[in-house]
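What follows draws every value from the coordinates through simple rules; no lab data is involved. From a predicted model like this one, the values you see are computed outputs, not experimental measurements. In this analysis, Cβ positions are derived from the backbone assuming ideal geometry, glycine residues included, and neighbour counts consider all displayed protein chains.
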Amino acid sequence: MSENITEATIRIRMSAHDAHYAGNLVDGARILSLFGDVGTEIHIRYDGDEGLFAAYKSVEFLAPVYAGDFIEARARLVRVGNTSREIEYEAWKVCAPAPEKGETAADVLEAPILVCKATGIGVTLKERQRITHGE
């Protein structure tokens, strides 16, 4: 079975420590941190090296994230240059607390909510690319 080298996913629960604003709202920078993790995995799978993040081309925050939410961050390699790697990112809320149903209640969301999407560029220096792709 071959592994998909062009996609990566991580799922994590936002904690009270992640809440930065009133009402347990999580700072958008926390979502970008998750994008950094899945983007790094893309570089490792594609190049055998963690690479370096260069820039975001776009970032859109689409829905709030709160402490207790489970977020699934996804990355997909969409373009490969000589050293550059363009990656599309999405973050989806997949579970959320349901305090109105009980102190420790939570729900798996029937339809996950897209909370953030972005496009970024990473770079893996030529001398650090350890995996060849038949070029």
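Assorted remarks:
- Label selected from (1) 12, 44, 28, 8, 5, 2, 0; (2) 12, 39, 28, 15, 5, 1; (3) 12, 45, 35, 7, 1, the criterion being P(r) over Cα pairs in 10 Å bins from 0, in percent as computed here: (2)
- Pairwise label distance in nanometres, Glu60 with Arg79, each label 7 Å out on the Cα-Cβ vector: 1.7
- Hits among lysines - C-alpha to C-alpha of Lys101 under 26 Å, sequence gap 8 or more where chains match: Lys93
- Degrees, to the nearest 10: 28-47 long Cα axis against longest axis of the chain: 30
- Those GluC sites (Glu not before Pro) in the stretch 1-83 that DSSP places in a loop and that have at most 16 other beta carbons within 10 Å: Glu3, Glu50
- The charge dipole of the chain, taken about the Cα centre with unit charges on the Cβ atoms of Lys, Arg (+1) and Asp, Glu (-1), comes to about 280 debye, rounded to the nearest 20.
- In this structure, Val94 and Arg130 have a Cβ-Cβ separation that, at R0 = 22 Å, corresponds to a calculated FRET efficiency of about 0.05.
- Rounded to 0.05, the FRET efficiency of the Ile5 and Glu103 pair, given R0 = 30 Å and the Cβ-Cβ distance, is 0.10.
- Per-residue Karplus couplings for the stretch 105-120, computed as 6.51 cos²θ - 1.76 cosθ + 1.60 with θ equal to phi - 60°, are listed in order as 6, 8, 10, 7, 6, 4, 10, x, 10, 6, 9, 7, 9, 7, 10, x Hz, Gly and Pro entered as x.
- Each Cα pair under 8 Å and six or more residues apart adds its separation to the average, and for the stretch 85-132 the resulting relative contact order is 45 percent.
- Residue-averaged 222 nm ellipticity for the chain, from DSSP H runs of 4+ at -39500 (n - 2.57), nearest 500: -5000 deg cm²/dmol
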